[in-house]
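**Q** Below are the structure tokens for one structure; questions will follow.
Every read-out reported here was derived from the displayed coordinates using simple, explicitly stated rules and does not represent laboratory data. This is a predicted model, so every value here is computed, not measured. Positions of Cβ are generated from backbone atoms using ideal geometry, with glycine treated the same way; all protein chains shown enter the neighbour counts.
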Amino acid sequence: MDQQMIDLAAQLGKTIAQSSQAAKLRAARTAMSKRPDLEQLLKDYRAQSDKIAALEQDNKPIEVDDKQRLAALEGKLLAAEEFKQFTIAQMEYVDLMRKVNQELRRQLAGVEDHP
């Protein structure tokens, strides 16, 4: 029985990997990888976002320059078609995984519930 479940999990993984959502995400990642400038822009955006989040968490003031830099980086990202397609593909893939997990939880209801 254990091996049967593992085999089913492998089959599910292969099916997900072959889904249109996974294919779109792979294609979008490839397109992004061909634009090192966008990858750097995304790194810069994440770093700036993390900086602002850390300041907020520490209840420290956020400088106008920091907010403007984040907005400028975001604007540049959103202007890039490759980034838009990557974001859309990522959202579609995450939605698929949410549905898969939701169905697994539904099937396991009562087994994993704690009193």
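**Q** Looking at (1) touching a Pro at 6+ places or on another chain (Cβ under 9 Å); (2) under 22 Å from residue 13 (Cα atoms); (3) not β-branched (Val, Ile, Thr), which is the one condition that is false for residue 55?
**A** Failed condition: (2).
**Q** Now for a different question. Quick one: in the range 1-19, of everything that is part of a helix (DSSP H, G or I) and in contact (Cβ under 8 Å) with a residue 40 or more places away in the chain, which residue is surrounded by the most Cβ atoms within 10 Å (Cβ to Cβ)?
**A** Taking the range 1-19 first, the residues part of a helix (DSSP H, G or I) are 2-17.
From what is left, the residues that are in contact (Cβ under 8 Å) with a residue 40 or more places away in the chain are 12, 16.
On the way: 12: 12, 16: 14.
Selected residue: 16.
**Q** If you don't mind, another one. How about the range 21-115: which helices (runs of 4 or more DSSP H) wholly inside it have at least 1 residues that are touching a residue at least 40 places away in the same chain (Cβ under 8 Å)?
**A** Once the helices (runs of 4 or more DSSP H) in the range 21-115 are filtered for at least 1 residues that are touching a residue at least 40 places away in the same chain (Cβ under 8 Å), what remains is 36-57, 81-107.
**Q** Sticking with this one: Going through the range 65-86 one residue at a time, which ones are surrounded by 14 or more Cβ atoms within 10 Å (Cβ to Cβ) and within 25 Å of residue 35 (Cβ to Cβ)? Spell out how you get there, then give the answer.
**A** Pass one, the range 65-86, residues surrounded by 14 or more Cβ atoms within 10 Å (Cβ to Cβ): 66, 69-70, 73-74, 76-77, 80, 82-83, 85-86.
Within the range 65-86, 69, 70, 73, 74, 76, 77, 80, 82, 83, 85, 86 qualify.
**Q** Condition first: over 15 Å from the mean Cα position of the chain (by Cα) and more than 15 Å from residue 40 (Cβ to Cβ). Now tell me which residues in the range 80-94 satisfy that.
**A** 81
Every residue, every condition in (1) under 17 Å from the mean Cα position of the chain (by Cα); (2) within 30 Å of residue 5 (Cβ to Cβ), yes or no:
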position: 30; (1), (2): yes, no
position: 67; (1), (2): no, no
position: 71; (1), (2): no, no
position: 109; (1), (2): no, yes
